[in-house]
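All of the numbers you see were taken from the coordinates with simple rules; none came from a lab. All values derive from a computational prediction rather than experimental measurement. Every residue, glycine as well, gets a Cβ built from its backbone with ideal geometry; the counts of neighbours run over all protein chains shown.
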Amino acid sequence: MDSGYPEKLTMQMDGTPQAESPQFWRKPIDEGKAPKLVGVVLMIPERCKGCGWCVEFCPRKVLVISERFNIKGYHYPRVAKPEECVDCRLCERLCPEFAIYLKRSPAQGGS
Amino acid sequence: MNPETPKKGTDGGDELPGSDGHPMDRILRMDRMPHIWCPGCGLGTTVSCFALAVNECGIDYDKLCVVSGIGCTGRAAGYLRLDGYHTTHGRAIPFATGLHLANPDLKVVVISGDGDLSAIGGNHLIHAARRNLNLVVICVNNFIYGMTGGQVAPTTPEGMKATTSPFGCLEHPFNLPYLASSSGATLVARWTTLDVRQMVNTFKKAFMKKGFSFIEVISPCPELYMRRNKLGDGLAMMKRFQSDRLVKHGADPKEADLGATGKILVGEFVNLDRSTYADAYFRMVSQLAEAKSVRKEEAKPGGKSPAQAGAKAPEAVGEPKAKPRPAEGDREGRGPEKKAAGTPAVATSPP
């Protein structure tokens, strides 16, 4: 059927990690010129239900599961490597509990 | 972590936020939180992406309306600080149809589950797509009836267990993008709850789209679908999405069948432009109003209608079989009859 897309635009991508498919990842053309963004991870631990998605899917592995419990009895995440965060906001969008959010680092104009 | 005000010191990052709080808080009804969705359920992610798309799109909150049916997903309308309606089971689309046609300036979004939209409201879904109503339908597919206790849904993959199919489901599941596109939807997409960025972009595209948009969001149901089938928790399903999903924009929705295992085809499958129901409806209304005003002018005393009638009558008598129903056509204000009424008026103009 006619889907409205030209055939050339179809793209395939599987979710294999970077190490296994290096040919898919290209070097950015502005590498070295564009400033590296730094984010600040903020959390509202009492909202967390411990699903672990933010810890699992963080591309820089900034977060780990904390050993502490929150008020509901779940292990919430904590920031293990704050300097690694590049403000991609994947954890903010993935979190089903609206418990985690990011701010741009104060050095880069964040509040 | 915030280096300025670490509240608990060593842990880092777990301090309470400043006065502004979470950026989604202003579009969510935080007095109703925490929500009822289980840990590992993808509904919160879908609502979060929806809220983000609304914020990024810059739609006026007063021009946006969310309608949902019954079920876990049906709670979404109640958690959003927008005009929302929680309707009866399966009837979210009929309600949204009325809302849209009574106030065509509103952007009406239906957020509901697979059971609500494809089983109980299945007819409404296909007919709304056929009419090409200007609606956005977000169908969160978790493969089962969650809130009512884990019964078989029309999207439950073959062989999977549910409370009403303890030995495995015998039925072939619906392919919802194929159903929507073959019924006539103009924007058909499918994403999993892992594709948050793409989901936000598609939501934004759907808000701007004129026509019926159908977006299927595949979400884990950790308690009733995954636990009963021994598939692990919500995180296990998200890992399956990561390994099994295949992004293919413009793919034929016929290929987008879903099974208990195997590839999950995602992407924007269909993006077409087609005349909407509201366009056709309001065109007809304006045509009828125009015809009515013409008739009123003709009926005025001293108007042209008596002369017209006089000029018309011999013709009608002369050829009754060629134009059998001119008078009725006049009454209904159809196009060709208007032209016929115009001709004698020119003929009888004062010399």
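Give me the mean projected area, in nm² to one decimal, of the convex hull enclosing the Cα positions of segment B:195-268. Averaged projected hull area, Cα only: 5.6 nm². Note on A:D30, B:D25, B:D273: ascending count of other Cβ atoms within 10 Å places them as A:D30, B:D273, B:D25, the fewest first.
Which links in A:K27/A:K49; A:K33/B:K205; B:K230/B:K263 stretch past 29 Å when you go from one Cα to the other? List each step's numbers first, then the result.
On the way: A:K27/A:K49 37 Å; A:K33/B:K205 32 Å; B:K230/B:K263 19 Å.
Checking Cα-Cα distances, A:K27/A:K49; A:K33/B:K205 exceed 29 Å.
In this calculation the C-beta distance from B:K254 to B:M284 is compared with R0 = 45 Å, giving a FRET efficiency of 0.85.
Cβ-to-Cβ counts within 10 Å put B:H100, B:H89 in ascending order as B:H89, B:H100, the fewest first. From least to most packed, judged by other beta carbons within 10 angstrom and beginning with the fewest, B:C65, A:C88 follow the order A:C88, B:C65. Between B:E171 and B:K300, the simple spin-label model (points 7 angstrom out along Cα→Cβ) gives 6.3 nm.
The largest-to-smallest principal axis extents of the Cα set in segment A:38-111 are 36, 22, 20 Å. For the pair segment B:109-157 / segment B:226-259, the C-alpha centres are spaced 18 Å from each other.
Placing +1 on the Cβ of every Lys and Arg and -1 on the Cβ of every Asp and Glu, with nothing else charged, gives segment A:38-111 a dipole about its Cα centre of roughly 60 debye.
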